[in-house]
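Below is one structure, written out as structure tokens; the observations come after it.
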Number of protein chains: 4
Amino acid sequence: MKISILIHCPDKAGIISAVTGFIQSYGGNVIYLDQHVDKEANVFFMRLESDFEQSRFNLINFKSEFENTLAKPYLMEWSIDTDEKKGKMALFVSKYNHCLYDLLSRFKSGELNVEIPFILSNHNDLRDIAEQFNIPFYHIPISKETRKEAEQEQLQLLKDNHVDFIVLARYMQIVSSTVISKFPNKIINIHHSFLPAFAGAKPYHAAFERGVKIIGATSHYVTKELDAGPIIEQDVTTVSHSHSIRDFIAKGRDLEKIVLSRAVKLHLQGKTMVYNNKTVIFS
Amino acid sequence: MKISILIHCPDKAGIISAVTGFIQSYGGNVIYLDQHVDKEANVFFMRLESDFEQSRFNLINFKSEFENTLAKPYLMEWSIDTDEKKGKMALFVSKYNHCLYDLLSRFKSGELNVEIPFILSNHNDLRDIAEQFNIPFYHIPISKETRKEAEQEQLQLLKDNHVDFIVLARYMQIVSSTVISKFPNKIINIHHSFLPAFAGAKPYHAAFERGVKIIGATSHYVTKELDAGPIIEQDVTTVSHSHSIRDFIAKGRDLEKIVLSRAVKLHLQGKTMVYNNKTVIFS
Amino acid sequence: MKISILIHCPDKAGIISAVTGFIQSYGGNVIYLDQHVDKEANVFFMRLESDFEQSRFNLINFKSEFENTLAKPYLMEWSIDTDEKKGKMALFVSKYNHCLYDLLSRFKSGELNVEIPFILSNHNDLRDIAEQFNIPFYHIPISKETRKEAEQEQLQLLKDNHVDFIVLARYMQIVSSTVISKFPNKIINIHHSFLPAFAGAKPYHAAFERGVKIIGATSHYVTKELDAGPIIEQDVTTVSHSHSIRDFIAKGRDLEKIVLSRAVKLHLQGKTMVYNNKTVIFS
Amino acid sequence: MKISILIHCPDKAGIISAVTGFIQSYGGNVIYLDQHVDKEANVFFMRLESDFEQSRFNLINFKSEFENTLAKPYLMEWSIDTDEKKGKMALFVSKYNHCLYDLLSRFKSGELNVEIPFILSNHNDLRDIAEQFNIPFYHIPISKETRKEAEQEQLQLLKDNHVDFIVLARYMQIVSSTVISKFPNKIINIHHSFLPAFAGAKPYHAAFERGVKIIGATSHYVTKELDAGPIIEQDVTTVSHSHSIRDFIAKGRDLEKIVLSRAVKLHLQGKTMVYNNKTVIFS
């Protein structure tokens, strides 16, 4: 039986020894360990995987003793995952199809260990693609008048489908603060600039206007402050004076696809941890 | 005899034909041509190089007819360079030595076709390096009280040495607006972030704080607005949660060196043109 | 009316002037010009676009006078394209679906100005995807015994569908020399290494074995020598000791997709020219 | 007191627990741990750092018990470093100065925690630079006739100066197999291509000839087979048809400098481990 443990706590002497010794005492074999200390914030982070002989291992005892022996004295926040159950990922889109196509192609190829219960959009444009990949599509238009109702519909859909996390695959709407608070560090957005440069609307236009020689894309967890959540992944590509805004947009599409898909994979693998509005990305 | 011509003017039909035809009529042979149209601003840019038979070519006539036949009707701003005279580059530094070492090593290796009449600093720390490379070093401290005097000393030095352009190789002072106005698009700065992100002081600290996964460096012409001048060159490198601010600074040093040296080379080769606070970089 | 002209010829004085002057004499307005001289091989390359007033422009006369006045004396090889007719692109695949999905998504999004008359495979695995995108799929298995017949079937399909060029989107078979000779510089392959390193089979395994810190992908025109044709586009990504061969393959997939799609776009836009087994890529 | 431990051994259950438990039993506090398992070769690698209370810690006992309790049963190869003693690095150069300037500038800036007892060259060209930085310079010319003697002189110099490792900063000679065998995984070379492409002489010429779109540099440990030793670090930059061989060389210089200096730093920090002609690079 393989379990993986995620921990963060105030940094202190002996945490690694204590945790690996504890696992050893249960007959476990640590097969992977990655740790990090944020010296500014004095916080210790660790992810480890361990094998146990199924017959002799009792997870409930393990967890309760872990809580008492380690978590309490070291003030740990922790989680233990025991299997590779598939997460349920909802996709929110608007009119751009490149990120949607990219995620669905990867999903169809078996690259993403996930279920996609539905695709939700404030427009009807991408319904065809949902049908092409046999995934339920919900069209929930949003206007000033219907905003509250739309939010309720979204929340109901998310609940009915037991959604674990949401991916905004170029969803051109602001997610309501109620949805955000129900999915803390569980909503992944792709922004089409190297944040913090060019937050907000029309970043390619702003980048063109400024005459930058590099454009980027940033995937981050959504928080209530627009485009200011913890960054999961970024990448960039070069541009020159010879590129028009259309060229920026076309080059950017390829960045957005790849940066978003990397972030989704990291999240799915449990390799991201959020602290102080920043991420630790385990190897 | 080889001349190179730089032009920008409102875009219009027939400019390339007109210019190359004109050169042909003087017996010239165009050996390189790079042009660009900024369709947003409706501006045409061109750089070309042409060979002429020395014996039959009169530069003064050529220039005056160029002015009358082409520049006036097409409303061109233009310049013609006829030889490879070395530019005179003043270096302004403070306490960091990496960009200075890099530029001086390239200079000493013959990589930069330039003269360096002097190095100027508001501190004395880097005098040794100037001496190591046999270049005059002027220490002009700057305080609130001496700011005006210091500016005068700077201007005098620049004038006495017939300086063509200034490179701020991590000069940790704001250049006075008088100096800027005397050297429009002739002062090259290196800023240690991918502008427009993290303009101003301590960009690595700000980048660390924000939790970015990419840091950068930007070389730009200095204008009166801080860190907002036309960008010549940018580059980036990846960072992760495991990097401290010290690591950011160390990784950044290598970026700063290379981005600044690329910008200096482009400037020296006459391959940069500024328009609307942006650069056109010719190939 | 807009035409674009591609030229290569021995380098000589005055070619740019001669061509732009000729266009001017027909009332044309050169709106884009990119030229290059390979000084080792002494060859001149140029791509230009020009506008003409439709009413006064006779293409047949233009071409015939171009041939007599310019092409013959300068020994030019040249082509003139007058419209944006869509090319016909055949896709050859085997079992991997990532490049196919990527190209079809781009096609469906209108990113590629092309027709796809059919997808051909030596396996049946990807038929579903062809159907999902409503494109005819032909399964032509290849064995030692059927190789000749299969080649005939391929040639017939290519001919019947007036195919302009072929993209090998991870086609795991060697294309027959007859097909290659009928499509010179018209077959685009994606090889999963930074050529010339790791040509041939299983490049990710070889890269892993060698312990490289960077892996790559290369798109090139197919010639009779395996993996040795003119390179159109390359890109790389970093790897480390912590990556397994599976990780190399997964990271590589994203490279392959993007490198192949960039090469296909350059080919479609007529921006590639082949000389001495190398490409000139116009801007 | 801080010690760092490097280990590799056949992979087996419980190594991490055993080692961290052992350290704990000595009152140690593990402050950093990075491990890796090469699943192909079934080898376990680990680097860790631990703090001990100086007063209660006996290094000799620790080492001997480590050997008996851990190293023997687990068949470990291991080393323990207890302080930050400076390594002694000899520099071998020929005529190119860019890597030499770069390393000496970093050395002078305090970036490299190292002593440089001497610079050795088969030419006299770079003596000035050695003098500029006050480092002894030995000119040992090499010809067919003097090869044996030169080797003896080299060995004597290396011995007299207690050299720990050698950096070939564009040393254009083959290092003798005797020197190599006395410095196993202790000679760092910079090769000006992305190995294994373009091993051997004149890689930029070969890259130009092949028409690649990317060039690279590779730093590796020297083994008896030319350019085939374990790769420490690689990086690349883009090129195009418009670049001449001279341009390749100029762009390559910047790559060589940075790749070599990164490799030297990793070696100095004890973050490299060699196995099966590959490196593990610890974070």
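Distance in nm between label sites at B:Ser181 and A:Lys85, each 7 Å beyond Cα in the beta-carbon direction?
7.1
Within 10 Å of each Cβ of C:238-247, how many other protein chain Cβ atoms are there on average? Intermediate results must be reported in sequence, preceding the final value.
Numbers: counts 4, 1, 6, 11, 11, 1, 3, 2, 1, 0.
Rounded to a whole number, the mean comes out at 4.
Please list, by residue number, every one of the GluC sites (Glu not before Pro) in the range A:1-82 that is coil in DSSP and has at most 16 other beta-carbon atoms within 10 Å. Can you show the working numbers first?
Values: sites: A:Glu40, A:Glu49, A:Glu53, A:Glu65, A:Glu67, A:Glu77; in loops: A:Glu40, A:Glu53.
Sparse-neighbourhood loop GluC sites (Glu not before Pro): A:Glu40, A:Glu53.
Return the carbon/sulfur percentage of the accessible area of the range D:1-124, one whole number, probe 1.4 Å, all protein chains in place. Don't skip to the answer; put the middle values down first.
On the way: 2400 of 5290 Å².
Of the solvent-accessible surface of the range D:1-124, carbon and sulfur hold 45 percent.
Using just the helices of chain A, give the 222 nm mean residue ellipticity in deg cm²/dmol: DSSP H runs with n ≥ 4 each add -39,500 (n - 2.57), and the total is spread over all residues, rounded to 500.
Numbers: 8 runs with 88 residues, N = 283.
Helix-only estimate at 222 nm: -9500 deg cm²/dmol.
For the range C:44-58, just list the computed ³J(HN,Hα) in residue order, Karplus coefficients 6.51, -1.76 and 1.60, θ = phi - 60°, integers in Hz, with x standing in for Gly and Pro.
3J(HN,Hα) across the range C:44-58, in whole Hz: 9, 10, 8, 10, 9, 10, 9, 9, 10, 6, 3, 4, 9, 10, 10.
Rank by packing, highest mean first: peptides D:197-210, B:182-195, with packing defined as the count of other Cβ atoms within 10 Å averaged across residues. Write down the numbers at each step before the final one.
Values: D:197-210: 17.6, B:182-195: 21.9.
The densest-packed peptide leads the list: B:182-195, D:197-210.
What's the Kirkwood radius of the protein assembly as shown in Å, using all Cα pairs? Mind dumping the intermediate values first?
Details: mean 1/r = 0.0305 Å⁻¹.
Evaluated on the protein assembly as shown, it is 32.8 Å.
Of C:Ile215, C:Ile142, C:Ile166, which is the most mobile in a GNM of chain C whose springs link Cα atoms less than 10 angstrom apart?
C:Ile142
Probe 1.4 Å, all protein chains in place: accessible area of C:Glu115 in Å², nearest 10?
Roughly 80 Å² of C:Glu115 is accessible to a 1.4 Å probe.
Pop the C-beta distance of C:Arg127 and D:Lys144 into the FRET formula with R0 = 60 Å and round what comes out to the nearest 0.05.
My answer for the efficiency is 0.35.
With everything on Cα atoms, drop me the angle between helix C:147-160 and the longest principal axis of chain C, reported from 0 to 90° to the nearest 10.
40
Amide H to amide H, which residues 5 or more places from C:Ile31 or on other chains are under 5 Å from it, using H placed in the peptide plane?
Close amide H contacts, sequence-distant or interchain: C:Glu49, C:Ser50, C:Asp51.
Hey, got the average number of other protein chain Cβ atoms within 10 angstrom for residues in C:30-39? Intermediate values should be presented prior to the final figure.
On the way: counts 8, 8, 4, 7, 6, 6, 5, 3, 3, 3.
Mean number of neighbouring Cβ atoms from other chains: 5.
Roughly how many nanometres apart are two label points built 7 Å out from the Cα toward the Cβ at D:Asn161 and B:Gln152?
5.2
Can you bin the range C:1-94 into rounded, prolate or oblate? Criterion: square roots of the alpha carbon gyration tensor eigenvalues sorted a ≥ b ≥ c, rounded for a/c under 1.5, prolate for a/b above b/c, oblate for the rest. Write down the numbers at each step before the final one.
On the way: a/c = 1.96, a/b = 1.09, b/c = 1.80.
Judged from the Cα gyration tensor, the range C:1-94 comes out oblate (a/c at least 1.5, b/c at or above a/b).
Would you give the gap between the C-alpha center of the range C:203-219 and the C-alpha center of the range D:73-139, rounded to a whole Å?
Using only Cα atoms to place each centre, the spacing works out to 31 Å.
Given a 1.4 Å probe, how much area per residue of the protein assembly as shown is accessible, in Å²? Let's see the in-between values first.
Working: 48290 Å² over 1132 residues.
Dividing the accessible area of the protein assembly as shown by its residue count gives 43 Å².
Determine the shape class of the range A:87-281: with a ≥ b ≥ c the square roots of the Cα gyration tensor eigenvalues, call it rounded for a/c under 1.5, and otherwise prolate if a/b is greater than b/c, oblate otherwise.
Numbers: a/c = 1.45, a/b = 1.38, b/c = 1.05.
In terms of gyration-tensor shape, rounded.
I'd like the Karplus ³J(HN,Hα) series for the range D:233-243: coefficients 6.51, -1.76, 1.60, θ = phi - 60°, whole numbers in Hz, and an x wherever there's a Gly or Pro.
With coefficients 6.51, -1.76 and 1.60, one gets 7, 9, 8, 9, 8, 7, 10, 9, 4, 7, 8 Hz.
Residues with amide H under 5 Å of B:Phe118's amide H, sequence separation 5 or more or different chain, H placed in the peptide plane at 1.01 Å from N; which?
When sequence neighbours closer than 5 places are left aside, the close amide H contacts are B:Leu91.
From other protein chains only, count the Cβ atoms within 10 Å of every residue's Cβ in B:102-109, then give the mean. Mind dumping the intermediate values first?
Numbers: counts 5, 0, 2, 9, 4, 0, 5, 6.
Average neighbour count from other chains, rounded to a whole number: 4.
Could you please state how large a percent of the accessible area of the range D:125-255 is carbon and sulfur, counting protein chains only and using a 1.4 Å probe? Don't skip to the answer; put the middle values down first.
Values: 2960 of 5850 Å².
Carbon and sulfur: 51 percent of the exposed surface of the range D:125-255.
List the residues whose amide H sits under 5 Å from the amide H of D:Ile187, counting only those 5 or more places along or on another chain, with H placed 1.01 Å from N in the peptide plane.
Amide H neighbours of D:Ile187: D:Ile166, D:Val222.
Once phi is turned into θ = phi - 60°, what whole-Hz ³J(HN,Hα) does the Karplus curve with 6.51, -1.76 and 1.60 give for every residue of the range D:127-142, x standing for Gly and Pro?
Taking θ as phi minus 60°, the curve returns 4, 3, 5, 4, 5, 4, 9, 6, 10, x, 10, 10, 9, 10, x, 10 Hz for the range D:127-142.
Which shape class applies to the range C:127-199: rounded if a/c is under 1.5, otherwise prolate when a/b exceeds b/c and oblate if not, where a ≥ b ≥ c are the square roots of the Cα gyration tensor eigenvalues?
Numbers: a/c = 1.45, a/b = 1.21, b/c = 1.19.
Cα axes put the range C:127-199 in the rounded bin.
Below 9 angstrom from the Cβ of B:Lys95, what's the summed charge of the other residues (Lys, Arg +1; Asp, Glu -1)? Don't jump to the answer; show the numbers that get you there.
Details: positive: B:Arg170; negative: B:Asp125.
Summing Lys/Arg as +1 and Asp/Glu as -1 gives 0.
Return the value, in Å² to the nearest 100, of accessible area buried between chains C and D (probe 1.4 Å, both sides summed). Before the final figure, lay out each step's value.
Numbers: alone 14660 and 14640 Å², together 26700 Å².
Summed over both sides, the interface buries about 2600 Å².
Give me the distance between the Cα centres of the range A:229-262 and the range C:179-197, rounded to whole Å.
First find each Cα centre; the distance between them is then 28 Å.
If contacts are Cα pairs under 8 angstrom and at least 6 residues apart, what is the relative contact order of the range B:2-82 in percent? Walk me through the numbers on the way to the answer.
On the way: 120 pairs, mean separation 38.0, N = 81.
Computed value for the range B:2-82: 47 percent relative contact order.
Run the simple label-point estimate for A:Ser240 and D:Lys63 please: 7 Å along Cα→C-beta, distance reported in nm.
Roughly 5.8 nm, to one decimal.
The values are calculated or read from the model by the stated rules, or taken from the named source; none is laboratory data. The shown structure was predicted, so the numbers you read here are calculated from the model rather than taken from an experiment. Reconstructed Cβ throughout: ideal geometry from the backbone, glycine too, with neighbour counts over all protein chains shown. Please note that ligands, DNA and RNA were not included when accessible areas were found on the heavy atoms of the full protein model with its side chains. Shrake-Rupley method; radii C 1.70, N 1.55, O 1.52, S 1.80 Å.
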